[in-house]
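Visitor: To start, I am sharing the structure in question, which I have written as structure tokens.
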Amino acid sequence: MAPSSKRQLRSVSRSQQPLQSAVRRALTVTTTSNGDESDIINDAHEEHLSPLIKMPVKKKTRSTKSYRGGKDTGKESSLLQQWIQHSHSDYHNFTIQEATEIRSALLQWYQANRRKLPWRGDPPPFDGSTSGINGNSNKNNNKGNIKRGQKASTGSGNTTQTPITSFFNAKPSIVPSSKQIEQNNINADDHSSLPQQAIPVTGYGVWVSEIMLQQTRVEAVIPYWIRWMESFPTVHDLADATEEQVNAHWAGLGFYRRARMLHQGAKFVVNELDGNLPTTPEELSKLPGIGPYTAAAIASIAYNVCVPVVDGNVCRVLSRLTGIANHIKNPILKDKLGWKLAAQIVEAGDGSSPGLVNQALMELGATFCAPSGSGIDDRDPLTEYYLSTKLGRAVLTMKQQNNDQIAFSYPEDVTLSKDCCQLCDPAGRWTVLQQLHDSITNNTSVEEAAKVGHSIFPTDPPKTDKREEDLAVAVLSIHDDDDNSRNQRYLLVKRPSTGLLAGQWEFPNVCVQIQNGKGTEKDKTKTSSTKPPTKASRKHALTTFLLDDIFGNYTNKDIVASVSSLSRKVQGEPTEHIFSHVRHLMWLESGQIPTCLGKNDPLEWTSMSGNQVRWMSEDDMKQVGITSGVKKVVKVVSEKQNITKNKRKR
């Protein structure tokens, strides 16, 4: 442990000194009742090898005794002592009996209660939502002021304007057909729009679904997956598609690199593997964009290969089952030893139906063992196996027996070494114990104590603040010079082929200020000390960018002159768009160029910096696929224009 971490733990421990002697007397145990740990440690457990190459622990070396006291122990104080003082990751292993029982319970529950989804080979109707499963009320998602003390525009409000904005309607919760998506003529209650037959489960279909589901809600993926499979039903069809066709089908899902890698992977399969998708994790992981998780999911679900599949949901289930005091993003859990724990469940019994077992674990982690899961819901198939709830009850029992004269302190001499549990964070047990001590009182009910214990596992990941960028964005439109049509076009530029939103189309913009994330979560509601860029600085930077770069090579000088002299309407507050690691505050400046496009004027050209630039109609946007950020900008500008028109009529 780093010196600073030790000092911090010592300072916290000193604050509990009046009660420390009690806990040290109560928790002084040198060995567990299950025997000396050296008898059951398997050296293979600590090997840092790929989970796809050296997978599970050999069954014959696993103990038939449980470190954790089994599923029905009444020795709560002993169970708590063992958990506090365990020093090796083998503590978290399942016994053969535990793994077999858990596997059986999961399969029975999953087959009777699983959600019906198209990539699972189910016919419609589909149900991807987990809303209400744990009885949660809607949480207030208001993240506070957007523009350092000002509220950012979200594009809300009523509008009667139909051009362009109708294309950017929210996606339906019931799956429409591809044709209805394109026409935006969707009736969410019309089940006749759904495919009438189940789509067979294939390795390619599972591949597509797993890529789409990464960091995206299941209910949001359903319409995208069906539309994708209608347009690209085989890996050959996807390989033959253009980049713009792929982007058009992906637009709105975010993380566009996933689509590019999926497209590249399909081309690799067709060109290098004669169109035959590999069936083993080792071979699948060689494809572009496929990592250990996706490779294992495809092999397990589509080809019945007996390997575990570990994602965040599975890590949460494992943490609560075995008391892993760590967060689910820690590589030791999600990339290494967590796979060995999951393998013990998947391989239990006769090892059959590994795909169903893996899906059951993921389904449970997304439903009753979600972060808000209670651990005591009768519909949860694993309530009797959660160590998390047992620890909560154990703390309540010890507090009541000791008249609340007990404190929990993390040993100051514990460091991360070969004698320390590698699955638990060095300070993880201290964090859990402190939260249990603070949240459970003598008056807490047994049920509530179990819920508290369950809610603390896994621990929270370290907080990371998003970088904040102020962007000056130009929303310029122009009309075709055609007597028969007054078609409106928007100016868009294609982003570079690498980096954020690589290869996607966006409105011309320039970054005028960058602020690195600082402070804690509590600080985010406070006004930042950094002042927003001034209106004059934004306007100057944007005009320079448009004239020197975007229109530097444009042949119609009259249009260039119109852009130079155009008085752009400036939005008074920024529109927010959030990515995983960066927060964009988009200061919009919009304007209608008075000069019309001639028949011989280019619709597409290259900027001085080498990026593609294009005047796009609404139909063009549909064809190339527009990101949610661009949709948001169009909606905000269109609403402002509509409000202005209504005021003029009055």
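Visitor: Looking at segment 85-113 only, could you name the residues that are touching a residue at least 40 places away in the same chain (Cβ under 8 Å), open to solvent by 50 Å² or more (accessible area, probe 1.4 Å) and farther than 22 Å from GLY338 by Cα?
Guide: GLN108, GLN111, ASN113
Visitor: Residue under question is ILE578, and the condition is that it be surrounded by 20 or more Cβ atoms within 10 Å (Cβ to Cβ) and within 30 Å of THR242 (Cβ to Cβ); does it hold?
Guide: no
Visitor: Go through segment 329-343 and count every residue that is within 18 Å of VAL357 (Cα to Cα) and among the hydrophobic types (A, V, I, L, M, F, W, C).
Guide: Final tally of qualifying residues: 4.
Visitor: Give me the residue from segment 443-462 that is touching a Lys or Arg at 6+ places or on another chain (Cβ under 8 Å) and aliphatic (A, V, I, L, M) and, out of that set, surrounded by the fewest Cβ atoms within 10 Å (Cβ to Cβ).
Guide: Top of the filtered list is VAL446.
Visitor: So which helices (runs of 4 or more DSSP H) stay within segment 197-286 end to end and still have 1 or more residues that are of a type in the set (Phe, Trp, Tyr) and either within 19 Å of TYR303 (Cβ to Cβ) or open to solvent by 60 Å² or more (accessible area, probe 1.4 Å) (or both)?
Guide: Helices (runs of 4 or more DSSP H) meeting the threshold: 203-213, 257-272.
Visitor: For residues that are open to solvent by less than 60 Å² (accessible area, probe 1.4 Å) and either touching a residue at least 60 places away in the same chain (Cβ under 8 Å) or out of contact with any strand residue (DSSP E or B) (no Cβ under 9 Å at 6 or more places or on another chain) (or both), tally how many sit in segment 562-575.
Guide: Total meeting the criteria: 6.
Visitor: Continuing with the same structure: Considering (1) surrounded by 16 or more Cβ atoms within 10 Å (Cβ to Cβ); (2) without any contact (Cβ under 8 Å) to a residue 60 or more places away in the chain, say which one PRO602 fails and leave the rest.
Guide: (1)
Visitor: Say whether the condition of being among the hydrophobic types (A, V, I, L, M, F, W, C), modelled with pLDDT under 50, crowded, with 21+ Cβ neighbours inside 10 Å and within 24 Å of TRP505 (Cα to Cα) is met by at least one residue in segment 173-192.
Guide: Checked segment 173-192: at least one residue is among the hydrophobic types (A, V, I, L, M, F, W, C), modelled with pLDDT under 50, crowded, with 21+ Cβ neighbours inside 10 Å and within 24 Å of TRP505 (Cα to Cα).
Visitor: Conditions: (1) open to solvent by 20 Å² or more (accessible area, probe 1.4 Å); (2) in a loop (DSSP other than H, G, I, E, B). ALA302 meets all but one. Number of the miss?
Guide: In the conditions (1) open to solvent by 20 Å² or more (accessible area, probe 1.4 Å); (2) in a loop (DSSP other than H, G, I, E, B), ALA302 misses (2) alone.
Visitor: From the list ALA360, ALA343, exactly one residue is open to solvent by less than 10 Å² (accessible area, probe 1.4 Å), part of a helix (DSSP H, G or I) and touching a helix residue (DSSP H, G or I) at 6+ places or on another chain (Cβ under 6 Å). Which is it?
Guide: None of the other options fit; the residue is ALA360.
Visitor: Every residue in segment 528-561 that is over 29 Å from ASP465 (Cα atoms) and in contact with a Phe, Trp or Tyr (Cβ under 7 Å, 6 or more places away or on another chain), please.
Guide: ASN553, TYR554, VAL560
Visitor: A further question follows. Report yes if some residue within segment 267-278 is polar (S, T, N, Q) and farther than 30 Å from HIS88 by Cα; otherwise report no.
Guide: yes
Visitor: Could you check segment 538-550 and list, in sequence order, the residues that are in contact with a helix residue (DSSP H, G or I) (Cβ under 9 Å, 6 or more places away or on another chain) and touching a residue at least 24 places away in the same chain (Cβ under 8 Å)?
Guide: LEU546, ILE550, listed by residue number.
The values are calculated or read from the model by the stated rules, or taken from the named source; none is laboratory data. Keep in mind the model is a prediction, meaning the values are calculated, not measured. So basically every Cβ, Gly included, is an ideal-geometry build from the backbone, and we count neighbours across all protein chains shown. Surface areas here come from the heavy atoms of the whole protein model, side chains and all, with no ligands, DNA or RNA. Shrake-Rupley method; radii C 1.70, N 1.55, O 1.52, S 1.80 Å.
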